[in-house]
Amino acid sequence: MSRTLRLMWLPIILGLLACSTGTPRSPALEAHLTREPFGTTPTGEPVELLTLTNAHGMELRVMTFGGIIVSLKVPDRTGTLGDVVLGYDSLAGYLRSSPYFGAIVGRYGNRIARGRFALHGTEYQLATNNGPNHLHGGIRGFDKVVWGVEPFQGDSGIGVRLTHTSPDGDEGYPGALQASVTYTLTDRNELILDYQATTDRATPINLTQHSYFNLAGSGDILGHELTLSAERFTPVDSTLIPTGEIASVAGTPFDFRTPHAIGERIGADEEQLRRGGGYDHNFVLTRSGPGLALAARLVDSVSGRTLEIRTTEPGIQFYSGNFLDGSITGKGGVAYRRRTGLCLETQHFPDSPNQRVFPSTILEPGQTYRSQTVWTFGVWPSK
Ligand code: GLA
């Protein structure tokens, strides 16, 4: 066989070899980033859409409005890319109404009871935008502002650094807060989420990313298999505020220490599931020390897509999309029925400013809030 012929076969052989080892194929593409206008807010602020593609074709689309992940395309076991997050095709949908699809939520992600807390002897009243309670930063939280954006390309990958200044008194919170959230897409099919913030007055802070995942790209998530590194969770009252108890998951439908299909026990006759309308609870992560720890693993055995979540946070909110009721028509004209997507929101615990036994969420002047979460996409079975 002539030398030229042998050389022609080489990339094919290498490609096959890479396939058989399960590692992403040798980079076929150069990681790249594009940006384009994506509409204007009602107050006339221009919004941009940035598209990041890694060397294997994994694609993230993020907009400056709310730092929202509009789409996230990852390969299935055949290498076919599919969008694994819920959302809208255009800005208009997000402006009309969105249950936080793909948004950065803050200043305080999750609930604060009655929108009230005391800090250094002062009582603060926040907006109560979720029944009697405060949720996800209030009426105009971080999901509804236009963030500044700086794209970058470095050794760690390709990414965008989003910045936002939340003024003193914003939604009732004390202190002017400088926040940044960096999304880095790596060539290991990971999305790294880095959160940072400083403040000039003491304030609660709890930032997270509110994407709704469906690894199959369609249908519901009841067949997805979930594992959570949590021996305990925080039970809630009828308004989804933690009672203060930290309860064991043993013998309950909240035990995901080994893989379980989400739909297996979701309909169980159990008070906490009734209160949540399904799963909508904070799980206390089992960790052996600071740094990144495995929090969750999600598998869709049909497509073969997998998602592993590692975080520096002490908790994760598992929300099984209970409030989706078909009234929202999302991307591609799909009606989002109940359980079309699930959220895995890494976080400090809900209502921590009012719960002494929970890890503190108070940021003081001179301190820097830092938090990291990594989403790693893969396929199952990993060859
Ligand atoms: C979080 C909450 C849920 C719900 C969603 C948004 O996940 O825990 O109760 O409010 O946000 O709809």
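Classify segment 315-358 as rounded, prolate or oblate, taking a ≥ b ≥ c as the square roots of the eigenvalues of its Cα gyration tensor: rounded when a/c is under 1.5, otherwise prolate if a/b is larger than b/c and oblate if not. Judged from the Cα gyration tensor, segment 315-358 comes out prolate (a/c at least 1.5, a/b above b/c).
Between segment 284-354 and segment 98-153, the alpha-carbon centres lie 18 Å apart.
Using θ = phi - 60° in the Karplus curve 6.51 cos²θ - 1.76 cosθ + 1.60, the 3J(HN,Hα) couplings for segment 193-199 round to 10, 10, 10, 9, 6, 9, 9 Hz; x is entered for Gly and Pro.
The 3J(HN,Hα) values that the Karplus relation (6.51, -1.76, 1.60; θ = phi - 60°) gives for segment 41-58 are, in residue order, 6, x, 8, x, 7, x, 10, 10, 10, 10, 10, 10, 10, 8, 5, 10, x, 4 Hz. Gly and Pro appear as x.
For segment 106-249, just say rounded, prolate or oblate: build the C-alpha gyration tensor, square-root its eigenvalues into a ≥ b ≥ c, call rounded for a/c under 1.5, and beyond that prolate if a/b exceeds b/c, oblate if not. Oblate. Note on the chain: with a GNM built from Cα contacts shorter than 10 Å, the maximum mean-square fluctuation among PHE213, PHE323, PHE256 falls on PHE323. Mean sequence separation of contacting Cα pairs (under 8 Å, at least six apart), scaled by the length of the chain, corresponds to a relative contact order of 16 percent. Binning the C-alpha pair distances of segment 197-337 at 5 Å intervals from 0 yields a P(r) profile of 2, 9, 16, 21, 20, 16, 9, 5, 2, 0 %, listed from the shortest bin outward. Rg then Dmax, both in Å and based on the Cα atoms of the chain: 21.2, 84.
Cβ neighbours within 10 Å, averaged per peptide: list 92-101, 47-56, 200-209 in order, most packed at the top.
Numbers: 92-101: 17.4, 47-56: 20.2, 200-209: 22.8.
Packing order, densest peptide first, comes out as 200-209, 47-56, 92-101.
The simple Förster model, with R0 at 25 Å and r as the Cβ-Cβ distance, assigns THR43 and ASP325 a FRET efficiency of 0.25. Here the peptides 178-189, 269-280 are ranked by packing, the mean other Cβ count within 10 Å, and the order with the highest first is 178-189, 269-280.
Relative to the longest principal axis of the Cα atoms of the chain, helix 3-21 runs at roughly 30 degrees.
Just so you know, all these numbers are worked out from the coordinates, no wet-lab data involved. Values in this document were obtained by computation on a predicted structure and should not be read as measured data. In this analysis, Cβ positions are derived from the backbone assuming ideal geometry, glycine residues included, and neighbour counts consider all displayed protein chains.
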